[in-house]
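Chemist: Have a look at this one before I ask anything.
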Amino acid sequence: MRLILFGPPGAGKGTQAQRLAERHSIPQLSTGDMLRAAVANDTKMGSRAKAIMDRGELVPDDVVNQMVSDRIDQEDCRKGFILDGFPRTVAQAEALTAMLEQKGDKIDAAIELKVERAALITRMEKRVADTLAAGGTARSDDNRDTFARRLDEYQHKTAPLLNYYRRRGELVSIDGMQGMDVVTRDIENVLTT
Ligand code: AMP
């Protein structure tokens, strides 16, 4: 099974992707996690990406496309994967379609989690408060200004992608304002119908 999870920051993509990955025994491919790992490991690509991520902007398409292409070539992705945070631009979607076509594959569904902007900001602030309360360090891009920029990037660059998948008949929209378990159930219902 090859799935894409779409949604603005804070929509619950990471949580749902993790649940789906566990349930279906396929890897969760989060480009945000891959980029944060590159930053933590202080690679050349990581140091280039860090400044962009800290501004809440998107890392260049060629960088993420290459990262995903290398990752889906790995053995554990043969039976499928859940893409979390990729594609985020039309150019990334086109690159993904081409990568999969080369292998004779295609995605099964692009799932959009719809959540209102005000709720996203509240969720981000709760995520920061919970992390700090647990003694952790908040993500450097989880602050009001950067988060607002991330929401705008989603609106301007990623939301137009929904039409790309709608035209291909692959888009499914789910109400992400519901509780986490209800969202998981709705996604599973889509996958079995
Ligand atoms: P995320 O963890 O998905 O919220 O991503 C955190 C940050 O990583 C984003 O704000 C972007 O700066 C960068 N990023 C993650 N995925 C992508 C992508 N597919 N294209 C461009 N930038 C990305």
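Chemist: Mind checking region 32-92 for trypsin sites (Lys or Arg not before Pro) that DSSP puts in a loop (not H, G, I, E or B) and that have at most 14 other Cβ atoms within 10 Å?
Modeler: Answer by residue number: 55, 78, 79.
Chemist: Within the chain, count lysine pairs with alpha carbon atoms under 20 angstrom apart where the residues are 8 or more positions apart or belong to different chains.
Modeler: Numbers: 13/114; 13/126; 13/157; 50/157; 79/103; 79/106; 114/126; 114/157.
Taking the Cα cut-off of 20 Å, the pair count is 8.
Chemist: Do you know the relative contact order of region 2-187, to the nearest whole percent, from alpha carbon pairs under 8 angstrom that are 6+ apart?
Modeler: Values: 243 pairs, mean separation 64.4, N = 186.
Once divided by the residue count of region 2-187, the mean separation gives 35 percent.
Chemist: Okay, moving on. Do any trypsin sites (Lys or Arg not before Pro) in region 140-177 lie in a DSSP loop with no more than 11 other beta carbon atoms within 10 Å, and if so, which?
Modeler: Values: sites: 144, 149, 150, 157, 166, 167, 168; in loops: 168.
Hits after loop and neighbour filter: nothing returned.
Chemist: Per residue, how many Å² of accessible area does the chain show with a 1.4 Å probe?
Modeler: Details: 10020 Å² over 193 residues.
With all protein chains present, the chain gives 52 Å² per residue.
Chemist: Report in % the part of the accessible area of the chain that belongs to carbon and sulfur, leaving out ligands and nucleic acids; probe 1.4 Å. Write out the running numbers ahead of the final one.
Modeler: Numbers: 4920 of 10020 Å².
Using a 1.4 Å probe with all protein chains present, the chain comes out at 49 percent carbon and sulfur.
Chemist: With the radius of gyration and the Kirkwood radius both derived from the Cα set of the chain, what is their ratio Rg to Rh? Don't jump to the answer; show the numbers that get you there.
Modeler: Details: Rg = 16.1 Å, Rh = 17.1 Å.
A ratio of 0.94.
Chemist: Between residue 62 and residue 188, what is the label-to-label distance in nm when each label sits 7 Å out along the Cα-to-Cβ direction?
Modeler: 4.4 nm
The values are calculated or read from the model by the stated rules, or taken from the named source; none is laboratory data. These numbers come from a predicted model, not from an experiment. Cβ sites come from the backbone with ideal geometry, for glycine too, and all protein chains shown count toward neighbours. Side chains included, ligands, DNA and RNA excluded: accessible areas come from the protein's heavy atoms. Shrake-Rupley method; radii C 1.70, N 1.55, O 1.52, S 1.80 Å.
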